Amino acid sequence: MKILVVDDETDVQTLFEQRFRREIRDRQMEFAFAFSGEQALSYLNEHAHEAVLILSDINMPGMSGLELLGHIKQKYHKPPPVVMMITAYGDEENYQSAMRLGADDFLTKPVEFNLLKEKLKTIA
Amino acid sequence: MKFRTNLILLLFFPVFADAQHLPDSLRNAYVNAPDDITQYNIGKYLYDYYEESNIDSAFYYAQQCLQLARKNNEVLAEAYYMDNTAYQLIGLGKYAEALQYVLDVFKIVEDPKNERQSSWQLFSRPYHGSNRLLLLAYTHHMFAIIMRETQNTEQEILHYKEARKIAIEIKYPVRQMLASMNLGRSYTTVNKLDSALLYETEAEQMTLKSDYKKYLGQVYVQLGIIHAEKNNPSLSLEYFHKGVAISKEQNNMSGLSNSYFFLGQYFLARGDKDSALFYSMQSLQTIKQLGVVRWYRVNLGTVYESVYRAYKMRNQTDSLLKYQELTLLVKDSLYRSRIKNLTAFQAVTLNEQLRLQNVEKDKISYQNSIRTRVFLGSTGVLLLLAFIFYRNNRQKQKANTRLEKTLSELKATQSQLIQSEKMASLGELTAGIAHEIQNPLNFVNNFSEVSNELIDEMNAELNKGDINEAKAIAHDVKQNLEKINHHGKRADAIVKGMLQHSRAGSGQKEPTDINALCDEYLRLAYHGLRAKDKTFNAKFETAFDETIGKINVLPQDLGRVILNLINNAFYAVTERKKLQQPGYEPAVTVRTQKNNGVVLITIRDNGTGIPEKVLDKIFQPFFTTKPTGLGTGLGLSLSYDIITKGHGGQLQVETEEGKFTSFTITLPYKP
């Protein structure tokens, strides 16, 4: 399973690579990283249909995670990939917008990695 | 009639002096009083009882007595309760209304015609001299308190002295004692400790000789503070304890909360964790009984801060966080209301100034008409005219003196507003800071957890004998520890930055990394706005000249300017985005550049721009285009002063309405 993680904090890459160390080693999961909404879109353009799951932060400078979600769900993929939103602002408003735009799940920071692993396994 | 009232009071006195709580029967007696004068006398008693123990009740009875006196045309009694109303209003932070009352009382008591306009009793000590002059002293005292609470120390001292002078002339020792008591505090404020001690000791001696000891607690607190400043801690501690005892006895909650508060401060300064917490908590309990007081020195905000600092010293994380949050919350709301109240206060002083200017104008037109008559009239009139000119001139001089006075008051208010603006911007930052700290903390937690798992795996590999794999894991653990350290430092820098922002500033220039400063405030401003307004979003970019290195600036002040300009930029792009122009992408850019002996910092936004007709006003104090309540109108004028006067630099603006605004800070730079 290929997962694209979108977050403006670059250390997220190291963190995910270590948290999913075993899964990556056993080739159950493969990760790609983008550090802005714009980067994520260009990655998706170049690697069409590769990523089956996208994990995106909402609060990023420039294109926000919600805008990215809108682009992905409306324009890019048929069938669209699963998109999970992650945010530090776990408020009702963000949650509603994410759901309206078609997010498949909504997580609040700090991310509970064991919970995330369980969710990813059910999708895979 | 008077006899009966006194009897009622005498009957009740022992009961509630012990119980600390007023029995309902006295309030019933007030409601069911047979006539106005009896009701006034009971109301007066109730006011005195609540004056320093509950602000809302005190305000209520001051208003009641005022109405009763007004209804019965007891002019001086009315004036007396206007002063008392003003006193409670100051405690509530409503300086403008208080000032209006006090100015009105001045008009009444400065008029000798009102000498005998009252038969009702005013002050709690019976007085048989001129009640009007005693009231004049009292009104000067009240005016001085307004000046104190709005940080106008010069005027404050002047008016206490006037009050004291009158009190001595008319031989009313209690009034003199109260003026001296407050002068002790004023002189402590300006750090003239010998004068402070002289006045405060006078107040102490006079109180000890008198049977009026209501304010002895406050006198002891001030003596404690003065002795602490004079490096005499044991004496200071003794006075604070005496302050507690006597304030309790006198049911003076104000004095009691002050005594506890300064005991708390005393032990905080000495690192005595248990006592610091105990007295701060006592102070908190007492101040809550007083109601929502906004006294500048001891209020709910300063008391919460004291409790928070005590918990911090004890390393009690849960309580620490709770009170830290309460401190920020209460202080934030107090500062907001303080800005509002000071602005209203400023408006009243401004009105007074305008009124005086109008008096001036009227006088000039009056003079002109007289000149015309002189031209037509005979020389005999000239003589009379000379006299009129002479008199006008004298009046003009008087008006000038008052104008100058009002102006100096205005200046003082302005400096106070500037301090409030600094605090308000800290409040705005709080949300951004919380978010900025949350991110690094998440990393610290995550990387330490994952390292723990890695160590288990490494041990397993070692047991299996796979040294290479174990080494690879050890390498990862080391990398994680570096990450933890990096994010810990990041959080540390944010907290340090926050502390720096709230500090008044040492006034010393320090070598500062301009790029780091810009980056820090850009992120704080962005996340602060983002946390306040969930829909807010904008692209921000930085273009830093890495060759700048460190240059000598006032870091807090310059940070404030950058924060202000960035906040304005984000505001402008948000406003333009509301216009929903197709294809509009909000963007804010911060650029630094080193150039021939100067460093340039440019903050550019593609927002609404500044209309040409207001462009020459934007650096003026109190000018703002934001809706009421959203801006103080001081941000840019303060920024301008910091850059030009504080750094000898320049602040320039380039703008096109509807397209962009670009502010450039130019700082002289010595390599």
Item to check | Debye log10 I(q)/I(0) for the range B:214-339, one point scatterer per Cα, at q = 0.11, 0.15 Å⁻¹ | outcome: -0.36, -0.66
Item to check | Residues losing 40 Å² or more accessible surface upon assembly, the range A:27-67, compared with the chain by itself, 1.4 Å | outcome: A:Asn59, A:Pro61, A:Gly62
Next on the checklist: Please compute the length gained on full extension between B:Leu462 and B:His128, using 0.36 nm multiplied by the number of residues separating them and subtracting their Cα-Cα distance.
Outcome noted: 110.3 nm
Checklist entry - Using a ≥ b ≥ c from the Cα gyration tensor of the range B:185-287 (square roots of the eigenvalues), is it rounded, prolate or oblate, where a/c under 1.5 gives rounded and otherwise the larger of a/b and b/c decides, a/b for prolate? => result oblate
Item to check | Sequence of B:Leu284, B:Leu403 when ordered by accessible area, the most exposed leading, probe 1.4 angstrom | outcome: B:Leu403, B:Leu284
Next on the checklist: Taking 37 °C and 0.692 mPa s as the conditions, I'd like the Stokes-Einstein D for the range B:282-338 in µm²/s, using the Kirkwood hydrodynamic radius from alpha carbon pairs.
Outcome noted: 286
Item to check | Prolate/oblate/rounded label for the range B:15-125 (Cα gyration tensor, a/c 1.5) | outcome: oblate
Item to check | Largest-first ordering by accessible area, 1.4 Å probe, given options B:Lys489, B:Lys331, B:Lys577 | outcome: B:Lys489, B:Lys577, B:Lys331
Checklist entry - Can you give the accessible area buried between chains B and A, summed over both chains, with a 1.4 Å probe, in Å² to the nearest 100? => result 2500
Checklist entry - Sorted by packing (mean other beta-carbon atoms within 10 Å per residue), highest first, where do B:555-561, B:187-193 land? => result B:555-561, B:187-193
Next on the checklist: Quick check: residue separation of B:Ala543 and B:Arg402 times 0.36 nm, minus the Cα distance between them. What number comes out in nm?
Outcome noted: 45.4 nm
Checklist entry - Once label points are set 7 Å from the Cα along Cα→Cβ at both B:Val495 and B:Lys478, what is their separation, rounded to one decimal in nm? => result 2.9
Item to check | Entries of B:Lys539/B:Lys578; B:Lys71/B:Lys107; B:Lys273/B:Lys322; A:Lys121/B:Lys471 with Cα pairs more than 21 Å apart | outcome: A:Lys121/B:Lys471
Checklist entry - How high is the FRET efficiency from A:Ile123 to B:Ile455, r the C-beta distance, R0 25 Å, rounded to 0.05? => result 0.25
Checklist outcome for this item: Sorted largest first, the C-alpha extents of the protein assembly as shown along its principal axes in whole angstrom are 106, 78, 55
Checklist entry - Once Rh for the range B:62-190 is found with the Kirkwood sum over Cα pairs, what is the Stokes-Einstein diffusion coefficient at 20 °C and 1.002 mPa s, in µm²/s? => result 147
Item to check | Pairwise Cα inverse-distance average, inverted: Kirkwood Rh of the range B:510-668 (Å) | outcome: 16.0
Item to check | the protein assembly as shown, helix-only ellipticity at 222 nm - DSSP H runs n ≥ 4, -39,500 (n - 2.57), divided by all residues, nearest 500 | outcome: -22500 deg cm²/dmol
Item to check | For B:Arg314, solvent-accessible area (1.4 Å; no DNA, RNA or ligand), Å² | outcome: 80
Next on the checklist: I want to check the label-to-label distance for B:Tyr584 and B:Lys670. Put each point 7 Å from Cα in the C-beta direction and report it in nm to one decimal.
Outcome noted: 4.7
Item to check | chain A, relative contact order [Cα under 8 Å, separation at least 6], % | outcome: 23
Item to check | Under the Debye formula (equal points on every Cα, no solvent term), log10 I(q)/I(0) of the range A:2-123 at q = 0.12, 0.14, 0.17, 0.23 Å⁻¹ | outcome: -0.39, -0.54, -0.82, -1.59
Checklist outcome for this item: Sorted list, accessible surface of protein heavy atoms, 1.4 Å probe, largest first, for A:Leu55, B:Leu103 is B:Leu103, A:Leu55
Checklist outcome for this item: Between the residues B:Ala587, B:Val293, A:Val82, the Cα farthest towards the positive end of the dipole of the protein assembly as shown, that dipole coming from +1 and -1 charges on the beta-carbon of Lys, Arg, Asp and Glu, is from B:Val293
Checklist entry - Using only Cα atoms, what Kirkwood radius does the range B:202-253 have, in angstroms? => result 10.9
Checklist outcome for this item: Per GNM of chain A with C-alpha springs under 10 angstrom, the most fluctuating residue out of A:Val111, A:Val83, A:Val12 is A:Val111
Checklist entry - Just in the range A:50-124: which GluC sites (Glu not before Pro) are loop by DSSP and have at most 14 other Cβ atoms within 10 Å? => result A:Glu50, A:Glu112
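Between their Cα atoms, which of B:Lys489/B:Lys509; B:Lys44/B:Lys230; B:Lys230/B:Lys550 are more than 30 Å away from each other?
The answer is B:Lys44/B:Lys230; B:Lys230/B:Lys550.
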Next on the checklist: Starting from the 7 Å offset along Cα-to-Cβ, what nm value, one decimal, do you get for the label separation of B:Asp194 and B:Val31?
Outcome noted: 5.9
Item to check | Minimum 20 Å² accessible area buried by the other protein chains, the range B:450-470 residues, probe 1.4 Å, relative to alone | outcome: B:Val450, B:Glu453, B:Leu454, B:Glu457, B:Glu469
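The values are calculated or read from the model by the stated rules, or taken from the named source; none is laboratory data. Nothing here was measured: the structure is a model prediction, and the numbers come from that model. Cβ sites come from the backbone with ideal geometry, for glycine too, and all protein chains shown count toward neighbours. When the accessible area is computed, the model is the full protein with side chains, heavy atoms only, and any ligands, DNA or RNA have been set aside. Shrake-Rupley method; radii C 1.70, N 1.55, O 1.52, S 1.80 Å.
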